[in-house]
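Peer 1: Pasting a structure below so you can have a look.
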Amino acid sequence: MGSSVKRTVIWMIVLMFVAVAGIFLYANIRSDGEREASAVLEEESGAGEEGTAQADPMQIGDDTRAFLSDDTFFDPDKQPYSSIKKIDGKSLSLLMTSVQKDLRIQIVDNAGKLVEGEDFCVVLNGSKEYKDDDKDGVIYIEYLRAGDYEVALKEVEGYRIPDTSAKITVKQSVEYVVIDDIDLLILTEDEVNAELEDLEANDALDDADKSEITGMQEGNPNAKMGIDVSKWNKEIDWDKVKNAGVEFAIIRVGYRGATTGALVEDPYFEANIKGAIRAGIPVGVYFFTQALDVVEAVEEASMVMALCRDYKITYPVFIDVEGLGGSGRADGLDVETRTAVSRAFCATIESEGYRAGVYSSRNWLNQMLDMDQLQDYVVWLAEYRDVPIYQGYYHMWQYTSNGSVDGIEGRVDFNLSYLKIDNPVPDIVLEEEETKIDPEDIPEEEIEEPRPIGGTENADF
């Protein structure tokens, strides 16, 4: 073998030696690095305990680097169980009510709030589907046969629906009882267009003859002097009102929207009823109706009871029946339907143990209502004359809308009450915002004979 060949062989052996040594060294360094990474993961996860070897929670089998092949490990948005957590946070329930051959289904979340903006759909008895077309979280179904129904909510992406169908009995006829879950339907004025929904109405002005008495009629031995108020009267100093001689106040709870029919709380209701009670003024309440049928009348009465249950209501609870000059959704009702609405409201109120009544102007009491069917309830007449010419019976008289009293800016309605109320002054005064009155403290009230006109004999009441 020549010298040049020997040198070539030697260089090849040396290179092979260096390559083998490099491969061995690289393998050791990589193994050490993996062991260090595994130790760090164990320390951070708290998996290792003194004297005990723990398996790496991200390890699959013997492969300590398996987590590196999981593309969700470093990206929280790709967590495989995030959708399950989302569903757990959005469980749905159904609240259902039937008044008369109808069914109202309210879809609520696990906080008890209506879920809006979703395409909900329910299935009745496994066949007929009904959709929430306006996406307000409420599905209302009319003209159902009375009987038992099973209601299932169809699946909605991102929500957990009830596992089983809900059951409800659709009623054959109206039961004048309060709807328990009516709170979900009560809105504030921030949630509606109040300019379209709450229109001022005063039919009594159309019948006024300019002979009305606008001053306070104090010291009347046969009647109490009072006022009725709403948001239109704005802020009220109730202590000044009390000191001015006001003996009772009828406070508006709310109204049904003239356009959409929404149930809306008067924005001053809470302040007014608390202020009057604190000042020692006995209170009653009223609600401005725009109900189209007895079902909506029961809803209105239920709203009143829901908002008044914590206060001592001494005077009656009235339904305010007036027209809005053709702008109200209920202006076109016939006499029979309007009377049925008033009866349904009053019957529902009295089912809760309160005295109920109807407020309206002389013309409406004569022409728009069948008062023979409402004789069991208190009548609150609005007629702006020095002496009313209404020939029916009435128990309260709103004699002017142009009154003035210390504590209220601008005009205020004045009333005379011929009701005899036992223990009218609130015996519990609200000293703090959280203090409430137990409805069971409401005293029995005795009502005098209704105030007749023209010497007509008093009717039993």
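Peer 1: Out of the stretch 162-206, which residues are under 18 Å from the mean Cα position of the chain (by Cα) and of a type in the set (A, V, I, L, M)?
Peer 2: Result: 177, 178, 179, 182, 184, 185, 186, 187, 192, 194.
Peer 1: Select from the stretch 233-245 the residues that are in a loop (DSSP other than H, G, I, E, B) and in contact with a helix residue (DSSP H, G or I) (Cβ under 9 Å, 6 or more places away or on another chain) and write down the one among them that is surrounded by the most Cβ atoms within 10 Å (Cβ to Cβ).
Peer 2: 237
Peer 1: Specify which of the listed residues (299, 265) is touching a helix residue (DSSP H, G or I) at 6+ places or on another chain (Cβ under 9 Å), touching a residue at least 12 places away in the same chain (Cβ under 8 Å) and buried (at least 24 other Cβ atoms within 10 Å of the Cβ).
Peer 2: 299
Peer 1: Among the candidates 174, 156, which residue alone is of a type outside the set (D, E, K, R), part of a loop (DSSP other than H, G, I, E, B) and closer than 22 Å to residue 299 by Cβ?
Peer 2: So the residue among 174, 156 that is of a type outside the set (D, E, K, R), part of a loop (DSSP other than H, G, I, E, B) and closer than 22 Å to residue 299 by Cβ is 174.
Peer 1: Continuing with this model, one more query. Can you name every residue in the stretch 285-320 that is among the hydrophobic types (A, V, I, L, M, F, W, C) and farther than 18 Å from residue 342 by Cβ?
Peer 2: Listed by number, the residues that qualify are 306, 307, 308, 313.
Peer 1: Answer yes or no as to whether residue 163 is in a loop (DSSP other than H, G, I, E, B), touching an Asp or Glu at 6+ places or on another chain (Cβ under 9 Å) and either surrounded by fewer than 17 Cβ atoms within 10 Å (Cβ to Cβ) or outside the structural domain of residue 272 (by TED's automatic domain parsing) (or both).
Peer 2: no
Peer 1: Further question: Condition first: β-branched (Val, Ile, Thr) and not in a loop (DSSP other than H, G, I, E, B). Now tell me which residues in the stretch 313-351 satisfy that.
Peer 2: Listed by number, the residues that qualify are 317, 319, 335, 337, 339, 341, 348, 349.
Peer 1: May I ask you to list the residues in the stretch 212-232 that are assigned to a helix (DSSP H, G or I) and buried (at least 19 other Cβ atoms within 10 Å of the Cβ)?
Peer 2: Once the filter is applied, which keeps residues that are assigned to a helix (DSSP H, G or I) and buried (at least 19 other Cβ atoms within 10 Å of the Cβ), the stretch 212-232 yields nothing.
Peer 1: Kindly indicate which of 200, 195 is of a type outside the set (A, V, I, L, M), loosely packed, with under 15 Cβ neighbours inside 10 Å and outside any loop (DSSP other than H, G, I, E, B).
Peer 2: Residue meeting the stated conditions: 195.
Peer 1: OK, next. Limited to the stretch 365-423, what total is found for residues that are on the phi > 0 side of the Ramachandran plot and not small (Gly, Ala, Ser)?
Peer 2: Total meeting the criteria: 1.
The values are calculated or read from the model by the stated rules, or taken from the named source; none is laboratory data. If you're wondering where the values come from, they're calculated on a predicted model, not measured in any experiment. Cβ atoms come from the backbone with ideal geometry, glycine included; neighbour counts cover every protein chain shown.
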